[in-house]
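Asker: Mind looking over this structure? Questions follow.
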Amino acid sequence: MGWYKGINAILEQEPETWLAYLYGQQLDNMPHLTRRKPKFRGLLLRLCAFGVFLLSHLKLKQPKILTSRADYLVFSGTANQMSSLDGTTTHLTQQGARVVEIAHAKLLKTEALRSRYIPFSYNAIDIVKSLVLLVRRGPALYLDLKRKHPTAITNYFNSFCSVYAHLVYFYRVLGSTNPAFVITANDHNPSNRSLLAVAHYLGIKTVYMQHASVSSLFPALRVNYAFLDGQSAFDIYKSCEENQPPTHRKVPAPQVILTGQKKQIDRRINREENVVGVALNALDETESAIEFIKGLSNSGLEIIVRWHPGQPKGDIKRYFSVFGNSSRIKLSNPENESISDFLNKIRWLIAGNSSIHLEAALSGVLPIYYEQRPSDSPDYYGYVQHRLAIHAKTRSEIVEIINGDLGTSVPDVSAVRYYSSTYYTEWDGREDELVAKMLLELSEKRPPSVELHALPIRLN
């Protein structure tokens, strides 16, 4: 059982409660996670949810490409991660690199995506191994969580169990493809953290490409190379050093490269549209959001509403039922409209704690920060503090901003550059090309064309 010895060694260094990081380490600091009431609660139902998860990802015949050596193995767990990675991987492929791209099957909704990405799936042996890990380690995990935070059991125990399946899968795939680099765009979800943990154990170089703004609640950054958007993320990750397990992990000290925001976003400065975009996510209470949008519309504003790609289906259905036939309120569905296309239709963007503020500023849209209800973490990403977004405290203030002189303003260049270092530089709009260039230089051990920064770290 060589696989068991390897995975158990990984878990001894980085336990389940650190691989399922948000649920295992940050529940007390993220109250919305404890307020959320899943439909199926309790240990037994959470175990059933884990079983459904395994069976829903079962695929008896695995793609042959997963047995061939790769230069770069890339994993996307969400649509936002995929959009941050695909430009770079396209450039790597064009340069002749052997790239294997893996993504969750639910993201592969077009023929083009299905022909490019390998769907994340388990074979029967993976599932058996995952259950072996659950039987052997599950009881101790349960007792540990019961002492620390019972809500982690009743609401999220299946997420902790998913670590076993992710570790088994990536242990098999990395062992057969033996890539020189593993690339991902998330460092706090169970799947991404499991991938990084396996890669570290096997001695494979790891690459992290930031896909959204970060906060001090994030885990300590531990990859070989971190392509961060800007100085803001670099400063924040310096404050995350305590967010790591007390074990002695065999992990690399990261070299940080500031390469700007990676998503492809068009920019238009002289906008004639007088349309307001409202961006919603799971933190926004649905009925309050609906009333807020109706109130803006009654002020005479034309509105486009867009929700997060991971928005619960019930929320989306409710937005369609209320606004689907409205003449003044349109809907932007992230499943079939890119963020860039959405931003090209608006002049102002209203949102709470969301990275879309940065994307709006990069496109030439004026971001307005507004909390529909009091936030547990006001100005979570510091957009107001650093002048990237204008703070509106009431709906009437929003209308005043839009109707007043500020309505013709453009985002502050220095504020945007603090979050995206390439803004209005020679690499502006070519960030994915820059990252690919850097990766090829690093793989060929050539002098890097962009400065590498050392992150002051505390290795346990």
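The values are calculated or read from the model by the stated rules, or taken from the named source; none is laboratory data. Keep in mind it's a predicted model, so treat the numbers as computed, not measured. Every residue, glycine among them, receives a Cβ derived from its backbone with ideal geometry; neighbour counts consider all protein chains shown. Surface areas here come from the heavy atoms of the whole protein model, side chains and all, with no ligands, DNA or RNA. Shrake-Rupley method; radii C 1.70, N 1.55, O 1.52, S 1.80 Å.
Asker: Roughly how many whole Å is it from the C-alpha centroid of region 368-419 to that of region 289-335?
Answerer: So the two Cα centres are separated by 20 Å.
Asker: If you fit an axis through the alpha-carbon atoms of helix 124-148 and take the longest principal axis of the Cα set of the chain, what angle between them do you get, 0 to 90°, nearest 10?
Answerer: For helix 124-148, the angle is close to 70 degrees.
Asker: Okay, next question. Please list 3J(HN,Hα) in residue order for region 231-245, calculated via the Karplus relation 6.51 cos²θ - 1.76 cosθ + 1.60 where θ = phi - 60°; whole Hz, with x for glycine and proline.
Answerer: Using θ = phi - 60°, the values come out as 4, 4, 5, 4, 4, 5, 5, 4, 8, 9, 4, 6, 8, 8, x Hz.
Asker: How do the peptides 13-22, 240-249 rank, highest first, by the average count of neighbouring beta carbon atoms within 10 Å per residue? Can you show the working numbers first?
Answerer: On the way: 13-22: 22.3, 240-249: 14.7.
Highest-to-lowest ranking by the protection proxy: 13-22, 240-249.
Asker: Of the peptides 286-299, 135-148, how do they stack up when ordered by the mean number of other Cβ atoms within 10 Å, highest first?
Answerer: Details: 286-299: 16.5, 135-148: 14.6.
So the peptides 286-299, 135-148, ranked by packing, come out 286-299, 135-148.
Asker: Mean projection of the alpha-carbon convex hull of region 372-460 over all orientations, in nm²? Don't jump to the answer; show the numbers that get you there.
Answerer: On the way: hull surface 39.7 nm².
Average of the hull's projected areas for region 372-460 equals 9.9 nm².
Asker: How far is helix 2-13 tilted off the main Cα axis of the chain, in degrees rounded to 10, range 0 to 90?
Answerer: 50 degrees
Asker: For region 155-206, what size does the Cα cloud have along each of its three principal axes, sorted from largest down, in whole Å?
Answerer: Dimensions of region 155-206 along the principal axes of its Cα atoms: 38, 20, 13 Å.
Asker: Take each of the peptides 437-446, 210-219, average the number of other beta-carbon atoms within 10 Å over its residues, and list them starting from the highest. Could the numbers behind the result be given before it?
Answerer: Working: 437-446: 15.6, 210-219: 20.8.
Averaged packing, sorted descending, gives the order 210-219, 437-446.
Asker: Placing one identical point scatterer on every Cα of the chain and ignoring solvent, what is log10 I(q)/I(0) from the Debye formula at q = 0.05, 0.07 Å⁻¹?
Answerer: The Cα Debye sum returns log10 ratios of -0.18, -0.36.
Asker: Based on alpha-carbon atoms only, what is the radius of gyration of region 192-350 relative to the globular estimate 2.2 N^0.38 Å? Display every interim value, and only then the final one.
Answerer: Details: Rg = 20.2 Å, N = 159, 2.2 N^0.38 = 15.1 Å.
Cα-based Rg divided by the globular estimate yields 1.34.
Asker: Once fully extended, how much extra length lies between E287 and S340, figured as 0.36 nm per residue of separation less the alpha-carbon to alpha-carbon distance?
Answerer: Details: separation 53, 0.36 × 53 = 19.08 nm, distance 2.71 nm.
Computed gain between E287 and S340 is 16.4 nm.
Asker: Taking only Cα atoms, what is the 0 to 90° angle, nearest 10, from helix 313-323's long axis to the longest principal axis of the chain?
Answerer: With rounding to tens, the tilt is 20 degrees.
Asker: Let's see if you can work this out: charge +1 on each Lys and Arg Cβ, -1 on each Asp and Glu Cβ, no other charges. What is the dipole magnitude of region 47-205 about its Cα centre, in debye to the nearest 20? Please list the in-between numbers first.
Answerer: Details: 18 positive and 7 negative charges, 77 e Å.
Taking the Cα centre of region 47-205 as origin, the dipole is about 380 debye.
Asker: Shifting gears a bit: Measuring from label point to label point, each 7 Å out along Cα→Cβ, what is the S321 to S443 span in nm?
Answerer: Taking the simple label geometry, S321 and S443 are separated by 5.0 nm.
Asker: Moving on to the next point. What percent do you get for the relative contact order of the chain when only Cα pairs under 8 Å and 6+ apart count?
Answerer: Working: 773 pairs, mean separation 74.0, N = 460.
About 16 percent, as a whole number.
Asker: Right, here's the next one. Sort region 271-375 into rounded, prolate or oblate with this rule: let a ≥ b ≥ c be the square roots of the eigenvalues of the Cα gyration tensor; rounded if a/c is under 1.5, and if a/c is not under 1.5, prolate when a/b is larger than b/c, oblate otherwise. Walk me through the numbers before you get to the answer.
Answerer: Working: a/c = 1.28, a/b = 1.18, b/c = 1.09.
Rounded, since a/c falls under 1.5.
Asker: Rounded to the nearest 0.05, what FRET efficiency do E426 and N8 have when you use their Cβ-Cβ distance and R0 = 51 Å? Write out the running numbers ahead of the final one.
Answerer: Numbers: r = 49 Å, r/R0 = 0.95.
My answer for the efficiency is 0.55.
Asker: Something else now. Take the Cα atoms of region 163-254, find their three principal axes, and give me the spread along each one in whole Å, biggest first.
Answerer: 38, 27, 21
Asker: Which entries of K263/K445; K109/K313; K61/K129; K5/K61; K106/K205 show an alpha-carbon separation above 20 angstrom in the structure shown?
Answerer: Values: K263/K445 27 Å; K109/K313 17 Å; K61/K129 17 Å; K5/K61 26 Å; K106/K205 28 Å.
From K263/K445; K109/K313; K61/K129; K5/K61; K106/K205, over 20 Å: K263/K445; K5/K61; K106/K205.
Asker: Classify region 75-225: rounded, prolate or oblate, from the alpha-carbon gyration tensor (a ≥ b ≥ c, eigenvalue square roots; a/c under 1.5 rounded; otherwise prolate if a/b is larger than b/c)? Write down the numbers at each step before the final one.
Answerer: Working: a/c = 1.80, a/b = 1.54, b/c = 1.17.
Since a/c reaches 1.5 and a/b is larger than b/c, the shape of region 75-225 is classed as prolate.
Asker: Considering only C-alpha atoms, what is the centroid distance from region 26-99 to region 153-186, in Å?
Answerer: Going from one Cα centre to the other spans 8 Å.
Asker: Given a 1.4 angstrom probe, what's the average accessible area per residue across the chain, in square angstrom? Before the final figure, lay out each step's value.
Answerer: Details: 19930 Å² over 460 residues.
In whole numbers, the chain has 43 Å² accessible per residue.
Asker: Right, here's the next one. Return the carbon/sulfur percentage of the accessible area of region 345-460, one whole number, probe 1.4 Å, all protein chains in place. Each step should come with its number before you reach the end.
Answerer: Working: 2660 of 5380 Å².
With neighbouring chains kept in place, the figure for region 345-460 is 50 percent.
Asker: If you wrap region 1-157's Cα atoms in a convex hull and average its projection over all directions, what's the area in nm²? Intermediate values should be presented prior to the final figure.
Answerer: Numbers: hull surface 45.2 nm².
For region 1-157, averaging the hull's shadow over all directions gives 11.3 nm².
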